[in-house]
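Have a look at the structure below, then the notes.
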Amino acid sequence: MAAARLVILTLAAVLSGPVAAVAPIGAPSWSGLTSAQRAVLAPLSDDWNTMNEVQRQRWVGVADRYSRLTPEEQARIRARMRDWADLRPDQRERARDQYRALRSIPPYRRESLQEQWQRYLSIPPEERQIKSGPRITRPLQRPPVRGMQE
């Protein structure tokens, strides 16, 4: 019985050795991208090698689909990439959290939010500030100190 276990363990170790030695197929480093991919993903070049595999794979997918997009879609992608590259790490994390929160909202509510956002965007910028109203600032009031008479 013990000999059979030893054989099975040895066989498992031998068979798993070559499999573990094979490098996982993932997103390439910046230097491993094609010149076309690097051109599309240029705004992300400084951060590329610090991204995790999943993030890089998603961006490679965007770069690969880029040539099939309309010029308007390409411009939108470039602008969003630049905006993303300009964010600080804490701002990126907050954006990811907001995205996850929006994804958890039921689809019918998401559509409603999207319609509200589009209506808001259709308002001229000068009127947006009026609609949101002025910010009210209140003077800082100190709490009364216990034991003191006024």
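The values are calculated or read from the model by the stated rules, or taken from the named source; none is laboratory data. As the structure is a computational prediction, the values presented were derived from the model and not from experiment. Cβ sites come from the backbone with ideal geometry, for glycine too, and all protein chains shown count toward neighbours. These accessible areas exclude ligands, DNA and RNA; they are computed on the full protein's heavy atoms, side chains included. Shrake-Rupley method; radii C 1.70, N 1.55, O 1.52, S 1.80 Å.
Looking for whichever is at pLDDT 90 or above, open to solvent by less than 100 Å² (accessible area, probe 1.4 Å) and touching a helix residue (DSSP H, G or I) at 6+ places or on another chain (Cβ under 9 Å) here; the options are Ala75, Ala95. Which one fits? Walk me through it before giving the result.
Details: Ala75 fails: touching a helix residue (DSSP H, G or I) at 6+ places or on another chain (Cβ under 9 Å).
On inspection, the qualifying residue turns out to be Ala95.
Give the stretch 30-65 a look and list any residue that's among the small types (Gly, Ala, Ser) and within 16 Å of Asp86 (Cα to Cα), or say none. Lay out the reasoning, then the answer.
Within the stretch 30-65, the first condition is being among the small types (Gly, Ala, Ser), and the residues that meet it are 31-32, 35-36, 39, 42, 45, 61, 63.
Passing the criteria: Ala42, Ser45.
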Of the residues in the stretch 39-66, those that are open to solvent by 50 Å² or more (accessible area, probe 1.4 Å), assigned to a helix (DSSP H, G or I) and of a type outside the set (A, V, I, L, M, F, W, C) number 7
Among Glu115, Glu127, which is the only one that is modelled with pLDDT under 85 and part of a helix (DSSP H, G or I)?
Glu127
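Test Trp84 against the stated conditions and say whether it is in contact (Cβ under 8 Å) with a residue 40 or more places away in the chain and of a type outside the set (Lys, Arg). Explain how you work it out, then say what you get.
Working: in contact (Cβ under 8 Å) with a residue 40 or more places away in the chain: yes; of a type outside the set (Lys, Arg): yes.
For Trp84, the condition - in contact (Cβ under 8 Å) with a residue 40 or more places away in the chain and of a type outside the set (Lys, Arg) - is met.
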